[in-house]
1. Just checking, does the range 67-80 include any residue being under 20 Å from residue 34 (Cα atoms), at pLDDT below 95, not small (Gly, Ala, Ser) and not in a loop (DSSP other than H, G, I, E, B)?
2. Any idea how many residues of the range 40-65 are over 13 Å from the mean Cα position of the chain (by Cα) and of a type in the set (Gly, Ala, Ser)?
3. With the requirement that a residue be surrounded by 10 or more Cβ atoms within 10 Å (Cβ to Cβ), closer than 25 Å to residue 138 by Cα, out of contact with any Pro (no Cβ under 8 Å at 6 or more places or on another chain) and among the charged types (D, E, K, R), what does the range 72-109 give you?
4. Suppose the filter is in contact (Cβ under 8 Å) with a residue 12 or more places away in the chain, in contact with an Asp or Glu (Cβ under 6 Å, 6 or more places away or on another chain) and either surrounded by 11 or more Cβ atoms within 10 Å (Cβ to Cβ) or not in a loop (DSSP other than H, G, I, E, B) (or both); does residue 118 pass it?
5. Take the range 72-103 and flag every residue that is among the aliphatic types (A, V, I, L, M) and more than 20 Å from the chain's Cα centre (by Cα).
Amino acid sequence: MSSTDFKHQARRWSGADRYDCVASNGVVASKHRLISEAGVKMMKKGGNAVDAAVASAFMDTVVEPAMNGIGGEGVMTIHLESGENIVIDYVGRPSKDSSPEMYELEESTEAGWMGWKKVKNDANVVGYKACVVPGVVAGLTMALDKYGTMKLKDVID
C-alpha cells in the first residue's frame, strides 16, 4: 500500500501533532502518521478494532520507543459488540521476591493527588527496587489472542 491509499484528516487543533487516518469502517487516531496507517491496514485486511489497536501499538513502539517501547507497560480497554467492557492490565509486575518491607516510608506524603506516604529516597521510583517486568508484549498479545481476528505475525508484519 502506498501513502495515497490512506485518507488523512487535516489537523484540528493548533499545535497538536495528531493524525486521523480513516478507513471505510473505522478510524485510527495517533501521534504519528505511521501509527495510524498500521491500524488502518489491519482494518483493510479484514481485521477488527483490536487487530488495529494492537498493530498501532506495536508501530508506536517503533516510532516512539522512548515513550511507548516494548519494555513498558499499559492498560487496554475494549468495548465488545455485546456491550461487555474488558480491561487488559499489562502494567509491569514486580519480582516474586518483592515485598512492602523493601521500602522505608517517611511521615510525609508524596506529591500528587493520591496522598500515599512518601518512600524514602524515592526507592519505589528510582533504582533497582523500582524495576518491574515489562508487560507490553504480553498484554498486546493477550488482547489479540482473545479479542482479535488476526495472527500476531500478520499484525506485526
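1. Yes; the residues of the range 67-80 include at least one that is under 20 Å from residue 34 (Cα atoms), at pLDDT below 95, not small (Gly, Ala, Ser) and not in a loop (DSSP other than H, G, I, E, B).
2. Adding up the residues that qualify gives 3.
3. Answer for the range 72-109, where residues must be surrounded by 10 or more Cβ atoms within 10 Å (Cβ to Cβ), closer than 25 Å to residue 138 by Cα, out of contact with any Pro (no Cβ under 8 Å at 6 or more places or on another chain) and among the charged types (D, E, K, R): 89, 93.
4. Numbers: in contact (Cβ under 8 Å) with a residue 12 or more places away in the chain: yes; in contact with an Asp or Glu (Cβ under 6 Å, 6 or more places away or on another chain): yes; either surrounded by 11 or more Cβ atoms within 10 Å (Cβ to Cβ) or not in a loop (DSSP other than H, G, I, E, B) (or both): yes.
So residue 118 passes the test.
5. Kept after step one, since they are among the aliphatic types (A, V, I, L, M), are these residues of the range 72-103: 75-76, 78, 80, 86-88, 91, 102.
If the condition is that a residue be among the aliphatic types (A, V, I, L, M) and more than 20 Å from the chain's Cα centre (by Cα), then 102 is the only one that fits.
The values are calculated or read from the model by the stated rules, or taken from the named source; none is laboratory data. Keep in mind the model is a prediction, meaning the values are calculated, not measured. With ideal geometry, Cβ positions are generated from the backbone for all residues, glycine too; neighbour counts draw on all protein chains shown.
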